[in-house]
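S.K.: Would you mind keeping the following structure in view while I ask a few things?
Nothing in this text is a laboratory measurement; each read-out follows from the coordinates by a stated rule. Quick caveat, the model's predicted, so the values are computed rather than measured. Heads up, the Cβs are rebuilt from the backbone with ideal geometry, glycines too, and the neighbour counts pull from every protein chain shown.
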């Protein structure tokens, strides 16, 4: 092979001695040493009590907490995304009252800590003990007590979702702005209405810009749900707390919770890769290779040789 | 005498303080091919975008096929048309842009069938069959599944022409369709446009500096300068004896 190339080049191939990088070797050695030292201490320090970590890793209370955490993440992100799209479109409206309302919402929810918002929703019954469905100043059709509707889970979901909506609004707006105006012109010139243009032409292309930060937000949300432990929702962190408040294995249960957060984050990261790949179609000449494709390509290459 | 396809009466357009169109008056007959030339900033593109109401005019009147563009006349009052009405009118006017503006997330075929399905309500199978014929006609039968980023500029512009034709427009507007193309790709786009003009008798208004195209395919050439049409004549007139000094200068610069 090599001689062929050299011949086709018409002159001998360059065979030079590569530059040495001693610094890289030193850095690599330090990293290996630190890694081994850390691993050794984690394995040999009996106080870690890895057996207990293993015992609680799949205990029913932890798994139930994990399910609640995932439920909270999914519902809050769903509220956040729907609200974000709505607020972003409102923010770009030509009606000053509509865009002003969106601006005010974002200002309010981005400007206060989500922790405070969780506590506020949990205590909403102090402000509105009863809800009624009906016409203002007219007849009412149904009554609810706040405590029956706003359970701790619902309070947490609302607080996280409504707060997320403010952040998602800015992400979606950035995505919409990133789509060139020519796309809208072309759609309009074909007789597509403004709504149809937004739904079929602008938003799908905005997704390429929207998806990466949304993945980031989802991963961030997964961990922010742990704040809901403050209003006694038995999600992953609170479940761990409940167990260690009785058996005092604090570190071990926090490790259990952390491992689960890491696992779910890993799954979300993989999911994000495929969602990005889907919405990237058309944007680049070639789609990024999936790990499975890379594996298959590697295997066929080896067979070919 | 047939009624004009496009009729403009003293059309004015301002962007802020800048007056881009200062009274454009024009009639284009059905089947006519009109080339619009003129220096940049003379209002050619703006006028073209007024015809399908992508730009709203400030004064004057504009009709396409006898219908007022963007407004409804009730008695002696003008009412702005609703989005749906404007869109219905636009659906019958094809437009091809300088930067192609193909939908980047759709293949060539998907670009062409989008509006027939969503706007005209065609069944997907019928739209695809029609789109395949159109893409074959512009010489892209083998590129149905290609995304715009995988096509050359000339190929993209031909897809864009097919996309506009898929709505069976009664009028085609071309906004400098070859200005963003590499010189050797200009020919393939002009060939398609020539076929449209000569074989299919499509009414076309083409903003272009391709005088070769004007000579071969156009019935009329308009010279615009400073927001007005300053000269209007056959291509021969422009090649042999342009009247205005400004036209002579301009043609000397581009030929």
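S.K.: Can you tell me what percent of all Cα-Cα pairs in region A:25-85 are more than 20 Å apart?
M.R.: The proportion of pairs with Cα distances above 20 Å equals 62 percent.
S.K.: Could you list the square roots of 5 times each eigenvalue of the Cα gyration tensor of chain A, that is, the equivalent ellipsoid semi-axes, sorted largest first and rounded to whole Å?
M.R.: 46, 37, 16
S.K.: Convex hull over the alpha-carbon atoms of region A:199-305: what's its volume per residue in Å³?
M.R.: Given the Cα convex hull of region A:199-305, per-residue volume reads 144 Å³.
S.K.: How far apart, in nanometres, would the label points at residue A:247 and residue B:2 be if each is projected 7 angstrom from Cα along the Cα-to-Cβ direction?
M.R.: 8.9 nm
S.K.: Give the Kirkwood hydrodynamic radius (Å, one decimal) of region B:1-150, defined as one over the mean of 1/r across all pairs of different Cα atoms.
M.R.: That comes to 17.7 Å for region B:1-150.
S.K.: Explain nothing, just the number: relative contact order of region B:199-252, from Cα pairs under 8 Å at least 6 residues apart, as a whole percent.
M.R.: After rounding, I find 23 percent.
S.K.: Which values, in whole Å and largest first, are the semi-axes of the equivalent ellipsoid of region A:65-174 obtained as the square root of 5 times each eigenvalue of the Cα gyration tensor?
M.R.: The equivalent ellipsoid of region A:65-174 has semi-axes of 25, 21, 13 Å.
S.K.: Further question: Is the C-alpha gyration tensor of region A:51-105 telling us rounded, prolate or oblate? Criteria: a/c under 1.5 is rounded; beyond that, a/b larger than b/c is prolate, otherwise oblate.
M.R.: Prolate is the answer for region A:51-105, as a/c is 1.5 or above and a/b outweighs b/c.
S.K.: Taking 0.36 nm per residue of sequence separation and subtracting the Cα-Cα distance, how much length would be gained by fully extending the chain between residue A:11 and residue A:26, in nm to one decimal?
M.R.: Contour length minus the Cα-Cα distance gives 1.6 nm.
S.K.: Can you figure out the FRET efficiency of residue B:201 with residue A:300, using R₀ = 41 Å and their beta-carbon distance, to the nearest 0.05?
M.R.: Calculated value: 0.15.
S.K.: A further question follows. Using every alpha carbon pair in region A:110-192, what percent of pairs falls into each 5 Å bin from 0 up to the bin containing the largest distance?
M.R.: 3, 12, 14, 13, 12, 11, 9, 7, 9, 8, 2
S.K.: Here is a further query. Enumerate the residues in region A:228-266 having an amide nitrogen under 15 Å from the point lying 7 Å beyond the Cα of residue A:58 toward its Cβ.
M.R.: Residues A:260 qualify, since their backbone N sits under 15 Å from the label point.
S.K.: Taking the C-alpha atoms of region A:131-269, how large are the radius of gyration and the largest Cα-Cα span, Dmax, in Å?
M.R.: Both quantities, over Cα of region A:131-269: 22.0, 69 Å.
S.K.: Given that compact globular proteins tend to follow 2.2 N^0.38 Å, what is the ratio of the alpha-carbon Rg of chain B to that value?
M.R.: Its radius of gyration relative to the 2.2 N^0.38 Å reference: 1.01.
S.K.: Right, something else. Contact order normalised by length for region A:85-192, with contacts defined as Cα pairs under 8 Å and 6 or more residues apart; what percent is it?
M.R.: 34 percent
S.K.: Between region B:56-87 and region A:204-229, how many Å separate their Cα centres?
M.R.: Region B:56-87 and region A:204-229 have Cα centres spaced 46 Å from each other.
S.K.: Over the Cα atoms of region B:150-255, what is the Rg over Rh ratio if Rh follows Kirkwood?
M.R.: Dividing the radius of gyration by the Kirkwood radius yields 0.98.
S.K.: Something else now. Suppose each label sits 7 Å from its Cα in the direction of the beta carbon; what would the residue B:219-residue B:184 distance come out to in nanometres?
M.R.: 3.7 nm
S.K.: Where Rh is the Kirkwood radius over the Cα pairs of the protein assembly as shown, the temperature 25 °C and the viscosity 0.890 mPa s, what D in µm²/s does Stokes-Einstein return?
M.R.: Translational diffusion coefficient: 83 µm²/s.
S.K.: Continuing with this model, one more query. Sort out for me the Cα centre separation of region A:30-67 from region B:194-255, rounded to whole Å.
M.R.: Answer, in whole Å: 80.
S.K.: List, largest first, the extents of the alpha carbons of region B:85-166 along their principal axes, each in whole Å.
M.R.: That works out to 35, 29, 22 Å along the principal axes.
S.K.: List the relative contact order of chain A as a percent without decimals, with contacts defined as Cα pairs under 8 Å and 6+ residues apart.
M.R.: 22 percent
S.K.: Quick one: if the Förster radius is 56 Å, what FRET efficiency do residue B:125 and residue A:143 give, using the C-beta to C-beta distance and rounding to 0.05?
M.R.: That pair, residue B:125 with residue A:143, gives E of 0.55.
S.K.: How large is log10 I(q)/I(0) at q = 0.09, 0.13, 0.19, 0.21 Å⁻¹ when the Debye formula is applied to the Cα atoms of region A:1-134, each weighted equally and without solvent?
M.R.: Each listed q corresponds, in turn, to -0.76, -0.91, -1.25, -1.28.
S.K.: With just the Cα atoms defining each centre, how far is region A:92-106 from region B:1-20? Give it in Å.
M.R.: 34 Å
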